[in-house]
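I have placed the structure first, in the form of structure tokens, so that the comments after it can refer back to it.
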Amino acid sequence: MKTFKIAALAGDGIGPEVMREAIKVLRVAQKKFGFTLNITEAPVGWAGIDAAGKALPDATLDLCKKSDSILFGSVGLPDRDPTIPKEDRPERAALLRIRKEFGLFANLRPVRLPKALAHACPLRPERQGEGIDIMVVRELTGGMYFGQPKKTESIDGGHRAVDTMVYTTPEIERIAHVAFRTAQLRRKKVTSIDKANVLENGVLWRDVVTRVGKNYPDVTLEHMFVDNGAMQLMLRPTQFDVMVCENMFGDILSDEAAALAGSLGMLPSASLGSTSGETTFGFYEPAGGTAPDIAGKNLANPIAQILSTALMLRHSLKLNDAAAAIEAAVGKAIEAGNRTGDIFSASETGATKVGTTQMGDAIAAAI
Ligand code: IPM
Ligand code: MG
């Protein structure tokens with residue numbers, strides 16, 4: 001029997017309760033499809049600071065290194081302890097550190113609006129066309145998030161803050177290949193996002209993506225400035241298949257695109273490093289945050305976390321059938337009318353408001 005080692009880092013806020021549902025669903029899938037997951041849970045984020053004094057405790061990092069992939073919840077509670085320096089807070093010290101440490105340069109964020117959730121989309125029905133289905137491919141280890149220098153210094157009368165946006169040819173090439181290969185398995189169109197009318201980075205991005213695109217004659221490539229891309233997502237989202245973006249633009253546009261899918265609580269993500277032989281190490285997390293306002297109240301939507309497990313089974317563990325079964329089960333639970341608060345509308349007939357655990361149960365039962 002195929003056996004895999006998974007590090008489960010639930011983190012803060014709604015992380016633990018949605019992780020519980022994801023593990024519940026994985027347990028059902030492993031029984032049905034005949035594989036074994038050795039899942040070890042470990043603290044990260046504020047939970048790491050509370051348990052071991054660090055957002056990414058050494059033992060947690062070691063566990064990740066010994067695992068086949070990481071299933072992650074979410075980290076960061078903006079209101080907690082403002083005296084802890086920003087470099088030591090969970091966003092940078094855990095999340096960005098893991099991305100860099102494991103070379104997770106390719107972030108895939110699939111945005112899909114199921115027909116049954118058309119009411120949850122903020123766009124009028126005529127703008128939703130036959131349905132929205134976009135894959136945001138975000139570069140995750142470069143650009144302004146990591147560029148040096150990055151600092152705040154005192155100057156007369158105030159401060160001066162510097163972030164550096166930097167990309168090299170190989171960094172753009174490898175993410176472009178991921179985007180084109182992803183498009184080959186979909187509707188064969190890549191929209192490359194940049195700001196080539198203003199930024200040096202944008203000019204290089206456009207040149208390199210164009211050159212890489214020559215290797216994929218079956219894929220249509222178009223370029224779009226990021227401001228226009230933000231607008232087009234609202235006006236005509238159905239024009240997009242794969243959008244490839246640098247780190248910061250991808251961060252912003254993927255939240256915007258997620259809103260189209262009804263709720264940030266529906267959006268999973270995969271962060272992948274390079275493939276070595278058969279295996280691709282990956283990091284799987286909901287794209288939404290810790291949602292401290294609803295944490296611990298059985299209100300959070302576990303679907304993003306559950307769909308993240310499907311991405312893990314597909315991309316890292318190569319268990320395609322089990323991945324598809326989880327995705328189908330999510331579809332069935334939605335079609336049956338199960339709605340957490342974020343996707344519930346009182347005017348929808350046949351919809352029932354459910355809590356986090358009931359949604360997890362419905363999905364587990366549908367596998
Ligand atoms: C995301 C998040 C993170 C990011 C934050 C929490 C650091 O917004 O994964 O999109 O900016 O990358
Ligand atoms: Mg973000």
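The values are calculated or read from the model by the stated rules, or taken from the named source; none is laboratory data. Worth saying up front: this structure is predicted, and the values here are computed from it rather than measured. Quick reminder, even Gly has a Cβ in these numbers, built from the backbone with ideal geometry, and neighbours come from all protein chains shown. These area figures cover heavy atoms from the full protein model, side chains too; ligands, DNA and RNA do not enter into them. Shrake-Rupley method; radii C 1.70, N 1.55, O 1.52, S 1.80 Å.
Side notes on the structure shown:
- Leu71 falls short of the stated requirement of being assigned by TED's automatic domain parsing to the domain that holds Leu319, part of a strand (DSSP E or B) and under 30 Å from Thr238 (Cβ atoms).
Rundown of residues vs (1) outside the structural domain of Lys297 (by TED's automatic domain parsing); (2) on the phi < 0 side of the Ramachandran plot; (3) modelled with pLDDT of 95 or more, yes/no style:
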site: Lys318; (1), (2), (3): no, no, no
site: Glu327; (1), (2), (3): no, yes, yes
site: Ala333; (1), (2), (3): no, yes, yes
site: Gly341; (1), (2), (3): no, yes, yes
site: Ser345; (1), (2), (3): no, yes, no
site: Glu348; (1), (2), (3): no, yes, no
site: Gly355; (1), (2), (3): no, yes, yes
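- Residues of the stretch 77-92 that turn out to be over 16 Å from Gly15 (Cβ atoms), within 13 Å of ligand 1 (Cβ to nearest atom) and open to solvent by less than 80 Å² (accessible area, probe 1.4 Å), as a count: 0
- Residue that is farthest from ligand 2 (Cβ to nearest atom) [pool: residues in the stretch 252-272 that are open to solvent by 10 Å² or more (accessible area, probe 1.4 Å) and at pLDDT below 95]: Gly262
- Gly129 falls short on exactly one of the conditions (1) in contact with a helix residue (DSSP H, G or I) (Cβ under 6 Å, 6 or more places away or on another chain); (2) not assigned by TED's automatic domain parsing to the domain that holds Leu235, and that condition is (2).
- Among residues of the stretch 161-179 that are polar (S, T, N, Q), those with a beta-carbon under 6 Å from a residue that is surrounded by 14 or more Cβ atoms within 10 Å (Cβ to Cβ) at least six positions away or on a different chain give the pairs Thr164/Gly147; Thr169/Val208.
- The criterion of at least 3 residues that are in contact (Cβ under 8 Å) with a residue 24 or more places away in the chain and more than 21 Å from Leu113 (Cβ to Cβ) is met, among strands (runs of 3 or more DSSP E) falling completely within the stretch 186-282, by 220-225, 268-276.
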